[in-house]
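Colleague: Here's a structure for you.
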Amino acid sequence: MHKLVKSGYLAASLAVVEIRATAHATGFDKRAEQLLAGSFEDAGLRYNKIARYSLTSTSSVKAEEVRKLVEELKGKHKLILAVGAEAMKALCGTKKTLDQYAGSLTWNKQLESWVLPSHHPSVVYVGDKKTLNSRYDKFDFLFDHIHRAVELINGSTEFPPIGG
């Protein structure tokens with residue numbers, strides 16, 4: 001089963017997008033929402049003022065569903081924070097790993113929008129103690145990317161020239 005859950009202020013300049021397979025196709029999980037909400041609030045942007053899209057599937061996410069999501073997003077938002085590897089691959093058009101590409105602001109001509117890939121908030125609290133330092137690092141990256149996204153949207157940091 002595939003499910004696209006849309007929430008928040010859908011006309012916002014900034015959107016957060018996840019694409020993932022999960023046991024329950026219900027949208028962002030509660031702990032991810034809490035982490036995102038707190039991080040955006042800390043950056044000076046209320047979480048309810050951000051558009052959120054969660055494309056989930058109880059099996060693998062199908063290309064047709066991703067295509068529908070891209071159509072849904074086209075031209076709606078100035079910046080999309082793509083959280084997780086699947087969202088990064090689909091919205092940035094790269095085959096690089098998330099660890100290699102996170103934080104790379106990318107213009108997506110098809111979306112008519114900037115995309116900023118980052119780690120999914122669930123990687124911060126999921127995993128065994130052996131990965132704790134890595135999880136802290138990923139939280140730091142996500143936190144920094146959220147702050148950067150807010151700075152880009154509020155104009156305190158300029159977007160680079162398209163294609164430049």
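Colleague: Do the sum for the chain: with -39,500 (n - 2.57) for every DSSP H run of n ≥ 4, divided by all residues, what is the mean residue ellipticity at 222 nm, to the nearest 500 deg cm²/dmol?
Modeller: The helix contribution divided over the chain gives -11500 deg cm²/dmol.
Colleague: Something else now. Under 19 Å between alpha carbons, and skipping anything fewer than 8 positions from Lys62 in its own chain: which aspartates and glutamates qualify?
Modeller: Straight-distance partners of Lys62: Glu18, Glu71, Glu72, Glu86.
Colleague: For a 21 Å ceiling on Cα separation, which of these pairs sit above it: Lys49/Lys109; Lys30/Lys68; Lys89/Lys109?
Modeller: Check vs 21 Å cut-off fails for Lys49/Lys109; Lys30/Lys68.
Colleague: While we're looking at this one, here's another question. State the answer as a single residue: which of Ala43, Leu105, Val61 lies farthest towards the positive end of the charge dipole of the chain, with beta carbon charges of +1 for Lys and Arg and -1 for Asp and Glu, about the Cα centre.
Modeller: My answer, from the dipole projection, is Val61.
Colleague: Moving on. Where is the GNM fluctuation largest for the chain (alpha-carbon springs, 10 angstrom cutoff): Val126, Val66, Val115?
Modeller: Checking each option, the largest mean-square fluctuation is seen for Val126.
Colleague: The list (1) 13.2; (2) 9.2; (3) 10.6 gives values of mean projected area of the Cα convex hull in nm², and only one came from this structure; which label was calculated from it?
Modeller: The listed entry that was calculated here is (2).
Colleague: Further question on the same structure: Hey, which aspartates and glutamates would be in cross-link range of Lys74, C-alpha to C-alpha under 13 Å, not counting anything within fewer than 8 residues on its own chain?
Modeller: Glu112
Colleague: Roughly what would the spin-label model give for Ser156 and Glu112, points 7 Å off Cα along C-beta, in nm?
Modeller: According to this spin-label approximation, the distance is 3.0 nm.
Colleague: What area, in nm² and to one decimal, does the C-alpha convex hull of the stretch 19-75 cast on average over all directions?
Modeller: 4.6 nm²
Colleague: Right, next: Note down the net charge around Ala15, summing +1 for each Lys or Arg and -1 for each Asp or Glu among other residues with Cβ under 12 Å from its Cβ.
Modeller: +4
None of the figures in this text is laboratory data; all of them are computed from the coordinates on show. Source: prediction; values computed, not measured. In this analysis, Cβ positions are derived from the backbone assuming ideal geometry, glycine residues included, and neighbour counts consider all displayed protein chains.
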